1. Does segment 110-120 contain at least one residue that is among the charged types (D, E, K, R), buried (at least 16 other Cβ atoms within 10 Å of the Cβ) and touching a residue at least 40 places away in the same chain (Cβ under 8 Å)?
2. Would you say Asp370 is part of a loop (DSSP other than H, G, I, E, B) and open to solvent by 30 Å² or more (accessible area, probe 1.4 Å)?
3. Just the residues that are surrounded by fewer than 19 Cβ atoms within 10 Å (Cβ to Cβ) and aliphatic (A, V, I, L, M), please, taken from segment 60-69.
4. Which one of these does Leu341 not meet: (1) of a type outside the set (Phe, Trp, Tyr); (2) touching a residue at least 60 places away in the same chain (Cβ under 8 Å); (3) closer than 18 Å to Glu311 by Cβ?
5. Within the set of pairs 6 or more residues apart or between chains, which connect a residue that is free of Cβ contacts under 8 Å to residues at least 60 places away in the same chain and over 24 Å from Asn108 (Cα atoms) inside segment 287-316 to a residue that is open to solvent by 10 Å² or more (accessible area, probe 1.4 Å) and hydrophobic (A, V, I, L, M, F, W, C) with Cβ atoms less than 6 Å apart?
6. Sort through Ala349, Ala366 and tell me the only one that's under 30 Å from the mean Cα position of the chain (by Cα), of a type in the set (A, V, I, L, M) and at pLDDT 95 or above.
7. What are the pairs, 6+ residues apart or on separate chains, where a residue within segment 180-200 that is farther than 13 Å from Val252 by Cβ has its Cβ under 9 Å from a residue that is small (Gly, Ala, Ser) and not in a helix (DSSP H, G or I)?
8. Quick one: Leu126 ticks every box in (1) under 28 Å from Leu106 (Cα atoms); (2) touching a helix residue (DSSP H, G or I) at 6+ places or on another chain (Cβ under 6 Å); (3) assigned to a helix (DSSP H, G or I) except a single one, so which number is it?
Amino acid sequence: MRARLTLLALAALFGGAANDYGPDPADGASHFVGTGAFGDYLTGRSALQHADLQVAADRLEAALTLEPGLPELANQAFVAAVLAAKPDAVRMAASLPDNPVARLVLANREAKSGNWRAAEGAFDGLPLNGLTQALRPLLVAWAQHGDGRPGAALATLQDAIQGGRNRPVLTLHAALIADLAGRREDAERSYAAARVEYGGLNLRLGQILASWQARAGDAPGTERLVADMVADNGEMSMARQSLVAEAASPAVRNATDGLAEVYLAMAATLRQQNGIDSANVLLRLALDLRPGFTAARLLLSDIQEAAKQPEAALDTLADVPDTDALAPVVQVRRAGLMDALDQVEPAVASLEALAAQHPDRPEPLALAGDIFRRRSRFAEAAAVFAVG
């Protein structure tokens, strides 16, 4: 409804010159042909709905160039640029002082440049309502840590924890900052508290806690934690040994990684609350800071797949290397997406290669057989099932 009202408002502002109606050369029926700013707007909106993000960003920006005085259009063009990971998003953000996402984009730029005081100031100026109220102490704390003030960072988080909201995420990030700062007792206490606060293991929490245990020299504890994390999940089970090996390295290497973790954590929460649009934006911000953040790519691809955008989801996973600890999980997801796009042979080939790498796991060949079976290719399905 909101999008419809926006479109009608733009149509009124652009007036009759914004579009043309003419005969369809194929059947003589009347159809709409968008031209000018209104045509660019309609094309951009349509492209955005179909997850064609580059086209959406280009056309909405073209509409804004023709009609620069429309704040709503400026905001939509900017968000499309963020979703498409266009460098123009930074330039556009500078002209949107009241847009919280614009403030985040500008603060991220300062963080990537190492200008942590400027980043802290931008984060500290976020509105104290809704999502930005939850983000603010986490982002400010990581900027303070990046500026070499871990004590101030931990104090910022402790004040927020005392407020009683979002305690699991705040506690985990206090552990991460204490860990990076070499405050081992504080880190150990906060990691233990975070596990209690969360009440269960998700993928990213498991990776972070496994890293702490491995670096603390608790190899048996690391093995048990990873085993708990992958239990009852066949595709995750194939990543078990690589996840244990990865745990020897810090899960968060610096303050920029920490900011990306904040965006991922809040995106996961929003996804559970059906805040899909905001989750998409936060995941793009996370990947801008940390392009190789596979956990963020998996969540974004899950959202895109649920929105029936398999091509976009496949593109999101395209840059995950085969050496990544979560590569088996990614390979299974890619195969499923190729199946949805009727790319049967590449999907099956990928699963057969995965089966060769993990001969003890039945899942890859079972999935390959299902791909054939659903298409009534029963002989090929039977052959695959027989191998499995």
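The values are calculated or read from the model by the stated rules, or taken from the named source; none is laboratory data. Given the structure is predicted, the values throughout are model-derived calculations rather than measurements. A quick note on method: Cβ atoms are made from the backbone with ideal geometry, for glycine too, and the neighbour counts reach across all protein chains shown. Heavy atoms of the whole protein, side chains included, go into the accessibility calculation; ligands, DNA and RNA do not. Shrake-Rupley method; radii C 1.70, N 1.55, O 1.52, S 1.80 Å.
1. Checked segment 110-120: no residue is among the charged types (D, E, K, R), buried (at least 16 other Cβ atoms within 10 Å of the Cβ) and touching a residue at least 40 places away in the same chain (Cβ under 8 Å).
2. For Asp370, the condition - part of a loop (DSSP other than H, G, I, E, B) and open to solvent by 30 Å² or more (accessible area, probe 1.4 Å) - is not met.
3. Hits for segment 60-69 are Ala62, Leu66.
4. (2)
5. These pairs meet every condition: Pro310/Ala340; Pro310/Leu341.
6. Result: Ala349 is the single residue among Ala349, Ala366 that is under 30 Å from the mean Cα position of the chain (by Cα), of a type in the set (A, V, I, L, M) and at pLDDT 95 or above.
7. Within 9 Å, the pairs are Arg184/Ala216; Glu188/Ala216.
8. For Leu126, the exception is condition (3).
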